[in-house]
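**Q** Have a look at this one.
Please treat every number below as a calculation from the coordinates, not as lab data. Remember, predicted model here, so these are calculated numbers, not experimental data. Note that each Cβ is placed from the backbone with ideal geometry, even for glycine, and that neighbours are counted across all protein chains shown.
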Amino acid sequence: MFMMYGRFDVASWLLVICIGVQRSFGEVDFALTSYEVTGPDLVDYRLGEDVIINATVKVKNVGSDDVSSGPTNHFGLRLYFSNNINLEDATLHTPSTGYDVDVDDSDRDKMKGGFPGSTSNPPSPVRQISFSANVTMPFYNCTQYSHLCTKLKIPVANGNDGTDNNFQCLALIAQPPLGAGFRDCRPSSSTLLSPSLYNVMIMGVLLPVLLLVV
């Protein structure tokens, strides 16, 4: 009886060890290694106005497992306005699901291509992907947004070890390529007539007054 229990116990530990080794040394880890706004030369994110930007990112698999080419994308890309250079620490970011991007036709296949692991010979190449996006500086909390960030969106089924290397952020205090451009929270002639601006004024000015009266 003791021997049967001992064998079961050893088998259980071997199973745990095997699982632990597989999880520790077998992984896919997509990393966004660089991000740059490439155009236009002068970018001003004016309150409530659409701005089309061009940008490039570089992506690499720094995990040990190989990723084979396939019919669908291994990852997507999104843009966010953030109040922190570390997107994971941001207390404000908008929109909640990110702005969609339009990847250049010549780069779309790169998102489906193979990404060898870091232990392969040769290791994973760094793939550069160019895209455009239409973004809008929001009326709410405009002055608190300090960065424009891009992030890899990786389906859960594809697997990814860690998220702290899935994003890069550029400050809104310098024109490209040093930054993402400038934030401008002053209402323009077109935004003065926007219903969204009136909603902000009502929430920010009239509502506190009403609360004081009540």
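**Q** Amide H to amide H under 5 Å from Ile154: which residues, 5+ apart in sequence or cross-chain, H placed 1.01 Å off N in plane?
**A** Correct list: Gly76.
**Q** Here's another thing I want to ask about it. So for each of 143-153, 116-126 I average, over its residues, the number of other beta carbons within 10 Å; can you give me the resulting order with the highest mean first?
**A** 143-153, 116-126
**Q** May I ask for the Kirkwood hydrodynamic radius of segment 55-126, worked out over all distinct Cα pairs and given in angstroms to one decimal?
**A** With all distinct Cα pairs of segment 55-126 included, I get 14.1 Å.
**Q** Let me ask something else. Once amide H atoms are placed 1.01 Å from N in the peptide plane, what residues at a sequence separation of 5 or more from Ile173, or on another chain, have their amide H within under 5 Å of its amide H?
**A** Ala180, Gly181
**Q** Additional query: For Asp44 and Thr143, compute 0.36 nm times the residue count separating them, minus their Cα-Cα distance, and round to one decimal in nm.
**A** 34.3 nm
**Q** Something else now. Amide H to amide H under 5 Å from Gly39: which residues, 5+ apart in sequence or cross-chain, H placed 1.01 Å off N in plane?
**A** Those lying under 5 Å, H to H, from Gly39 are Asn54.
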